[in-house]
1. Mind checking the full-extension length gain between VAL109 and TYR60? Use 0.36 nm per residue of separation minus the Cα-Cα distance, one decimal, nm.
2. Once neighbouring chains are kept in place and the probe is 1.4 Å, which whole percent of the accessible area of the chain is contributed by carbon and sulfur?
3. If eta is 0.692 mPa s and T is 37 °C, what Stokes-Einstein diffusion coefficient results for the stretch 64-143, Kirkwood Rh from Cα pairs, in µm²/s?
4. Sequence gap at least 6, Cα distance under 8 Å: using those rules, report the relative contact order of the chain to the nearest whole percent.
5. At a temperature of 20 °C and a viscosity of 1.002 mPa s, determine how fast the chain diffuses translationally according to Stokes-Einstein, using the Kirkwood radius over alpha-carbon pairs as Rh; express D in µm²/s, rounded to the nearest whole number.
6. Ignoring everything except DSSP H segments at least 4 long, calculate the 222 nm mean residue ellipticity for the chain; use -39,500 (n - 2.57) per segment, divide by total residues, nearest 500.
7. I'd like to verify something in the chain: which complete DSSP H helices, judged by Cα projection on the helix axis, reach 30 Å or more and average at least -0.5 on the Kyte-Doolittle scale?
8. Using the Cα centre of the stretch 1-143 as the reference point, and only Cβ charges (+1 on K/R, -1 on D/E), how large is the resulting charge dipole? Debye, rounded to the nearest 20.
Amino acid sequence: HVSTTWLAIISAGLSTGVGFASKDILENIYYGISLMTGRMKIGDLIVCDGVRGRVSSISYTSTTIDTVDGSVIAFQNSQLFTKNYKNMTRNHGYELHILDVGVAYGTDVKRAKEVISTAVAQLKCIDQRKGVKVVLKELADSALVFKILVWVNVFTQYVDDGEIYEAVYVALNENDIEIPFPQTDVHIKS
């Protein structure tokens with residue numbers, strides 16, 4: 001005299017739960033196979049969800065990334081596809097960097113652009129095929145701010161940025177172009 005209605009309801013609930021659980025597992029396996037077949041390989045530098053790092057392993061369910069700050073993060077393979085990761089090494093291994101530098105008001109803009117451009121173009125850390133572009137960005141409170149648009153290697157970008165800034169600093173000093181710093185005047189009334 002056991003009612004089969006309750007047995008059917010419990011079976012349906014369990015089947016639904018198993019179905020939803022297996023959906024995620026199957027989805028991760030599908031995306032894992034898709035990643036392993038060529039979209040990404042071990043050693044690639046990727047950016048996902050604001051995290052930049054090198055792929056250290058790809059399994060059927062997750063991908064492990066060694067980040068540039070030394071931590072290790074594992075992403076589910078389905079997350080990589082839904083968050084639109086960027087593979088920085090798949091094209092040519094360089095990315096555009098935009099660096100700001102300011103010079104004092106009264107500086108000849110054309111000359112400043114030329115000095116900055118020449119200094120950066122001589123560096124080995126940039127992609128020589130793409131060259132260097134220097135444009136006036138803004139007339140700020142205490143400086144004329146230029147944007148330096150340059151392509152650097154994705155694996156050494158932070159070191160390259162330092163090398164570029166150093167070259168610009170030296171070149172501006174050698175050409176007597178002043179790099180201003182913010183100053184505040186205080187007037188005391190007695």
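The values are calculated or read from the model by the stated rules, or taken from the named source; none is laboratory data. Small disclaimer: the values here were computed from a predicted structure and weren't measured. Ideal geometry is used to build each Cβ from the backbone, glycine not excepted, and the neighbour counts take in all protein chains shown. Please note that ligands, DNA and RNA were not included when accessible areas were found on the heavy atoms of the full protein model with its side chains. Shrake-Rupley method; radii C 1.70, N 1.55, O 1.52, S 1.80 Å.
1. 12.1 nm
2. Roughly 56 percent of what the probe reaches on the chain is carbon or sulfur.
3. Numbers: Rh = 16.5 Å.
Using the Kirkwood radius from Cα pairs, D works out to 199 µm²/s.
4. 17 percent
5. Values: Rh = 21.0 Å.
Result for D is 102 µm²/s.
6. Numbers: 4 runs with 68 residues, N = 190.
Taken over the chain, the calculation gives -12000 deg cm²/dmol.
7. Both cut-offs are met by 4-34.
8. With only Lys, Arg, Asp and Glu charged at Cβ, the dipole is about 540 debye.
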